[in-house]
Amino acid sequence: MSASGGSKAVVAALTANLVIALLKFLAFALTRSSSMLAEAIHSVADSGNQILLLVGGKRAARQASPEHPFGYGRERYIYAFIVSIVLFSVGGLFALYEAYEKWQDPHPIEGQWWWVPLAVLVGAIMAEGLSFRTAMRESNHTRGKKSWVEFVRTAKAPELPVVLLEDFGALLGLLFALIGVGMTLITGNGLWDAAGTAMIGLLLVAIAAVLAVETKSLLLGESATSSDVRKIEEAITADGTHIIHLRTMHLGPEELLVAAKISVGEGDTGEQIAGAINAAEQRIRAAVPIARVIYLEPDLYASRTGQASADPAGPASH
């Protein structure tokens, strides 16, 4: 559901941004407003980002190969990280540069087309609002009881958090542009236009920084959620097996690696150990379906001391 929901939100955002970008460029051509130019570039950057997310999702679906035995699931994280770079450079830095240029040479919005930027901005706010609502609706399928901030920080699928932040940033950017253009029209002072452009640039840089930090964590390899870890632990220990140590890592948004060292009896035969491991794997997959790759290592557990044989990986962790 997260993959299909993410794709639906991405397509909705892409459609909205392509139409909005054309209208913003038209408004800039008629009025030479720097806020409109910054917003047009912002929409172009967002459109490119949504295409990147769709490409990343398609490439991540490829089957595992001898060179990449764990598959290509992390390609979705790589493309999401590229999105943050594009948003920072193409969107944020360009807007800040345009604001600097307009501040050095401020000029009012003149001519018979003064109303076009206002009409475009109001229409863009409506379109972005619809896109944002779609992203929120799709996110609610997987968000559960988490706050929106917690959802963005803990989501394993990058598409929905990226679209949510982009749409939220787009709505704020449009508001800044509307204030800048409106005040320029009222006062005749082009510095308001420059200030609106600068606020758009700072906003995009901030959103890009958040995306980069969160996506970097996914690229490095995040563990399963605390809920999934608890389910895995319960599945392993359901027959009285002790967990000596447990490691989990996301190979992709819907693919989890589980590695654990578990206890076996001193007198167990090889057949009994193999049967216990197979049964534990079945319980894990039933409890957490995204646990696709599972490695369970048998070891002896000293019940009197609560200690196991030495673990070279260090203390137990998730």
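The values are calculated or read from the model by the stated rules, or taken from the named source; none is laboratory data. Because the structure is a prediction, the values reported are computed rather than measured. So basically every Cβ, Gly included, is an ideal-geometry build from the backbone, and we count neighbours across all protein chains shown. Heads up: the accessible areas ignore ligands, DNA and RNA and are worked out on the full protein's heavy atoms, side chains in. Shrake-Rupley method; radii C 1.70, N 1.55, O 1.52, S 1.80 Å.
Measuring nothing but protein heavy atoms, the accessible surface of the chain at 1.4 Å probe radius is 64 percent carbon and sulfur. Sites listed here are trypsin sites (Lys or Arg not before Pro) in segment 116-223 whose DSSP assignment is loop and whose Cβ has at most 16 other Cβ atoms within 10 Å: Lys145, Lys146. Computed over protein heavy atoms with a 1.4 Å probe, the accessible surface of segment 12-100 works out to 44 Å² per residue.
For segment 5-45 and segment 173-197, compute the distance between their C-alpha centroids and round to whole Å. Their Cα centres are 18 Å away from one another. Taking the 0 to 90 degree range and rounding to the nearest ten, how far is the long axis of helix 75-86 tilted relative to the main principal axis of the chain, both from C-alpha atoms? Relative to the chain, helix 75-86 is tipped by roughly 30 degrees. DSSP beta bridges confined to the chain are antiparallel in about 55 percent of cases. Here the label points at Asn189 and Leu202, each 7 Å from Cα along the C-beta direction, are separated by 1.7 nm in the simple model. Magnitude of the charge dipole for segment 168-236, about its Cα centre and with charges confined to Cβ atoms of Lys, Arg (+1) and Asp, Glu (-1), is about 160 debye.
With the helix formula -39500 (n - 2.57) applied to DSSP H stretches of n ≥ 4, the chain reaches a computed 222 nm mean residue ellipticity of -22000 deg cm²/dmol.
When +1 charges are put on Lys and Arg Cβ atoms and -1 charges on Asp and Glu Cβ atoms, the dipole computed for the chain relative to its Cα centre reaches about 420 debye.
For the chain, the longest principal axis of the alpha carbon atoms and the long axis of helix 94-104 meet at an angle near 30°.
Taking all protein chains into account, the per residue accessible area for segment 101-219 stands at 47 Å² (1.4 Å probe). Nearest 10 degrees is fine. How inclined is helix 191-220 to the longest principal axis of the chain, computing both from alpha carbons? Once rounded, the angle reads 10 degrees.
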